[in-house]
Amino acid sequence: GGATATFTNGFLASHSVTITNTGSFTVTATDSAGGLGTGTEIGVTNAFTVDPGALDHFVVEAQGGGAIGTQTAGTAFNIQITAEDAFNNTQTFFDGAGNTAEISSTGTLSAGAGTTATFTNGFLASHSVTISNTGSFTITATDSAGGIGSGTENGVSNSFTVDPGALDHFLVEAAGGGNIGT
């Protein structure tokens, strides 16, 4: 965007343009009215497509989008993961065979750790996880390196709380803890 260099013999050999979002676009050149033109002369390129850049990171959210809310220990919940480029465009080529993520957490994952299902057009709509301990945790998705990623791309969810589950049993011990002596 912005002003270009001066034309030579009616020709501008090169002008760099960077588009950071994806879709179908055209580029328009408009006379700047400082030379021979009136400022109304324009030229428009053909329509062209801009694809996403290389896989850069993942977005880990609650299923349906947004922050992961408070969870209950031992109870499964679903997350969604989006593969994105450096400009936060969905990396739609992260698709099918080999394009998976490895799931880990700062909490204890009793289910859902390891490799996800394959992504579809850069998106994994649902992955079930269960955290068995309580506290404040995050979930991390890291590229599995079997598809278009290098294996280093990752993304971390928001920090969320895992509360204890329903009362299940009592622990009976000696005063101060441990086994009751003779």
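Structure above, values below:
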| read-out | value |
| --- | --- |
| Long-range neighbours under 9 Å by Cβ, at least six apart or interchain, first residue free of Cβ contacts under 8 Å to residues at least 40 places away in the same chain within the range 113-141, second open to solvent by 60 Å² or more (accessible area, probe 1.4 Å) and aromatic (F, W, Y) | N121/F93 |
| Residue in the range 49-62 that is over 16 Å from the mean Cα position of the chain (by Cα), part of a loop (DSSP other than H, G, I, E, B) and farther than 17 Å from L109 by Cα present | yes |
| Answer residue from the range 1-44, given it is open to solvent by 70 Å² or more (accessible area, probe 1.4 Å), at pLDDT 80 or above and among the hydrophobic types (A, V, I, L, M, F, W, C) and is nearest to N89 (Cα to Cα) among those | V17 |
| Qualifying positions in the range 98-114 - more than 22 Å from P164 (Cα to Cα) and either more than 19 Å from the chain's Cα centre (by Cα) or not in a strand (DSSP E or B) (or both) | G98, N99, T100 |
| In the range 97-125, the residues that are open to solvent by 40 Å² or more (accessible area, probe 1.4 Å) and at positive phi | N121 |
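Every residue, every condition in (1) aromatic (F, W, Y); (2) within 19 Å of E153 (Cβ to Cβ); (3) surrounded by fewer than 17 Cβ atoms within 10 Å (Cβ to Cβ), yes or no:
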{"site": "G64", "(1), (2), (3)": "no, no, yes"}
{"site": "G74", "(1), (2), (3)": "no, no, no"}
{"site": "N78", "(1), (2), (3)": "no, no, yes"}
{"site": "A83", "(1), (2), (3)": "no, yes, no"}
{"site": "V129", "(1), (2), (3)": "no, no, no"}
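The values are calculated or read from the model by the stated rules, or taken from the named source; none is laboratory data. Just so we're clear, the structure is a prediction, and the values are computed from it rather than from any experiment. Backbone-built Cβ (ideal geometry, glycine too); neighbour counts: all protein chains shown. Keep in mind that these areas ignore ligands, DNA and RNA; they rest on the heavy atoms of the full protein, side chains included. Shrake-Rupley method; radii C 1.70, N 1.55, O 1.52, S 1.80 Å.
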